[in-house]
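A.B. asks: Supplied in structure tokens, the structure appears directly below.
Derivation of every value follows stated rules applied to the coordinates shown; laboratory data play no part. Remember, it's a predicted structure, so these values are computed and weren't measured experimentally. Ideal geometry is used to build each Cβ from the backbone, glycine not excepted, and the neighbour counts take in all protein chains shown.
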Amino acid sequence: MPRVLSCIQPTGSVHLGNYLGALINWVSGQHEGDVYHGIVDLHALTITESPGILGKQTLELAAMLFAVGLDPDVATVFVQSHIHEHTELAWIMECTVSFGELSRMTQFKEKSAKRETDFVSAGLFTYPALQAADILLYDAQEVPVGDDQRQHIEITRDIAVRFNHRFGDTFVLPKAVHPKAGARVMDLQDPTSKMSKSSVTDNGLIYLLDDNATIEKKFKRAVTDSDGVVSYDRESKPGIANLLDILSACTGTTAEQLADKYSQYGPLKNDAGQAVIALVEPIRTRFHELMADPGELSRLLIIGNDRAREVAASTLSRAHKAIGLLPRI
Ligand code: ATP
Ligand code: LTN
């Protein structure tokens, strides 16, 4: 089984797009690979400045990952800042990557430009070195990422090749793989844009923790069109197509087949809302159970952290030996 690493930043509440587009595949994929899932809180630190937020968001995201169905006995779920090897290896990565290479990273150019007069931390610039450490520490062979992260996997490979060349074979070369295509969920108020936590309003977003009445209300108010005909056409009927796609992802019936079953928008909106409620209600219940039982949540996290730490410590020690640092005395 390939060693697979995915990481997620604890930067906001999980929504239906995250779930149907990504997390649902993490859950099914846990039996197809030796999977590691990192909650990368130190990466989130590159843009988080207020105190007291990150820890809470990290814990909530961990509870959510277990609530959606990651099994700690199968998948290794860990918190990046709890494994000090990440930051230790990151320094070695910083000394193996060049200023020029980091300067060419599109994400840095875009994020630093967006921050305009805001504080641009050096961490935002060296972010790919920490990401390379995340990946190389676990001997990851496959890293499922969207297109925006491909450049970061490439630079990780370049760093690994350079290190192996300088100091001898130490790191496994990772490769970016396309995640299994999940559903692409669009904003219910603006169905031509993807559902995203950076949308201007929450009205078009379904959060996994929304209560049933809120979910029903958001579906009832979903933007459609005025011709009143249910057919699956993403171009000319994006609102209806999105509702059909969501219902399809929840039920396993194709969107085209579903379209034939409806002649009015109201029942389609209602059924899509009810299907989402049926899907997320047990997740929400499990989430709240875990949040109410900090002992159990810690126990689950410790299982993952311990397993992750063992692998990470052994890789870091391999790197230290390869470089020839004075062994610890
Ligand atoms: P952003 O504000 O960057 O748009 P986001 O909430 O959309 O944030 P990310 O944190 O960037 O989500 O993504 C986490 C995962 O969820 C990624 O694998 C991403 O592809 C997936 N994802 C996010 N939004 C959607 C969506 N609307 N449909 C399908 N998948 C999505
Ligand atoms: N940069 C990624 C998050 C991330 C990551 C990783 C992804 C941090 N470390 C290691 C894959 C492997 C992002 O912004 N989505």
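A.B. asks: Go through the stretch 188-201 and report how many residues are part of a loop (DSSP other than H, G, I, E, B), closer than 24 Å to PRO144 by Cβ and either more than 17 Å from the chain's Cα centre (by Cα) or within 15 Å of ligand 2 (Cβ to nearest atom) (or both).
C.D. replies: Here the count works out to 4.
A.B. asks: For ASP293, work out the one condition from (1) surrounded by 15 or more Cβ atoms within 10 Å (Cβ to Cβ); (2) more than 30 Å from GLN151 (Cα to Cα) it doesn't fulfil.
C.D. replies: (1)
A.B. asks: Related question: Go through the stretch 250-285 and report how many residues are at positive phi and surrounded by 14 or more Cβ atoms within 10 Å (Cβ to Cβ).
C.D. replies: So the count comes out to 0.
A.B. asks: Here's a follow-up. Return the residue satisfying two criteria in turn: it lies in the stretch 178-187 and is surrounded by fewer than 16 Cβ atoms within 10 Å (Cβ to Cβ) and free of Cβ contacts under 8 Å to residues at least 60 places away in the same chain, and of such residues it is nearest to ligand 2 (Cβ to nearest atom).
C.D. replies: HIS178
A.B. asks: Taking only the stretch 1-28 into account, find how many residues are in a helix (DSSP H, G or I) and within 12 Å of ligand 1 (Cβ to nearest atom).
C.D. replies: Summing the residues that are in a helix (DSSP H, G or I) and within 12 Å of ligand 1 (Cβ to nearest atom) in the stretch 1-28 gives 11.
A.B. asks: Sticking with this one: State which residue is nearest to ARG284 (Cα to Cα) when the search covers only the stretch 7-32 and only residues that are surrounded by fewer than 21 Cβ atoms within 10 Å (Cβ to Cβ) and within 13 Å of ligand 2 (Cβ to nearest atom).
C.D. replies: Taking the candidates together, the pick is GLY12.
A.B. asks: With the stretch 57-144 as the region, which helices (runs of 4 or more DSSP H) entirely inside it contain at least 3 residues that are buried (at least 17 other Cβ atoms within 10 Å of the Cβ)?
C.D. replies: Answer list for the stretch 57-144: 85-94, 122-137.
A.B. asks: Can you tell which of ALA132, ALA176 is under 21 Å from the mean Cα position of the chain (by Cα), closer than 19 Å to ALA313 by Cα and of a type in the set (Gly, Ala, Ser)?
C.D. replies: After applying the criteria, what remains is ALA132.
A.B. asks: Filter the stretch 207-249 for residues that are of a type in the set (S, T, N, Q) and part of a loop (DSSP other than H, G, I, E, B); which is surrounded by the most Cβ atoms within 10 Å (Cβ to Cβ)?
C.D. replies: In this case the residue turns out to be THR224.
A.B. asks: Ok, one more. Taking the stretch 188-206, which residues are more than 9 Å from ligand 1 (Cβ to nearest atom) and surrounded by fewer than 14 Cβ atoms within 10 Å (Cβ to Cβ)?
C.D. replies: Passing the criteria: THR192, VAL200, THR201.
A.B. asks: Further question: What are the residues in the stretch 98-136 that are hydrophobic (A, V, I, L, M, F, W, C) and within 15 Å of ligand 2 (Cβ to nearest atom), if any?
C.D. replies: LEU102, MET105, PHE108, LEU124, PHE125, ALA129, LEU130, ALA132, ALA133, ILE135, LEU136
A.B. asks: Of the residues THR192, THR214, which is hydroxyl-bearing (Ser, Thr, Tyr) and touching a Pro at 6+ places or on another chain (Cβ under 8 Å)?
C.D. replies: On inspection, the qualifying residue turns out to be THR192.
A.B. asks: Still on this structure: Yes or no: the stretch 31-39 includes at least one residue that is farther than 15 Å from ASN305 by Cα and either within 13 Å of ligand 1 (Cβ to nearest atom) or without any contact (Cβ under 8 Å) to a residue 12 or more places away in the chain (or both).
C.D. replies: no
A.B. asks: Restricting the first residue to the stretch 41-64 and requiring it to be farther than 19 Å from LEU130 by Cβ, which pairs with a second residue that is among the aromatic types (Phe, Trp, Tyr) meet a Cβ separation below 6 Å and a spacing of at least six or different chains?
C.D. replies: ALA63/PHE287; MET64/PHE287
A.B. asks: Looking at VAL4, VAL40, can you tell me which residue is over 27 Å from VAL120 (Cβ atoms) and within 13 Å of ligand 2 (Cβ to nearest atom)?
C.D. replies: It is VAL4.
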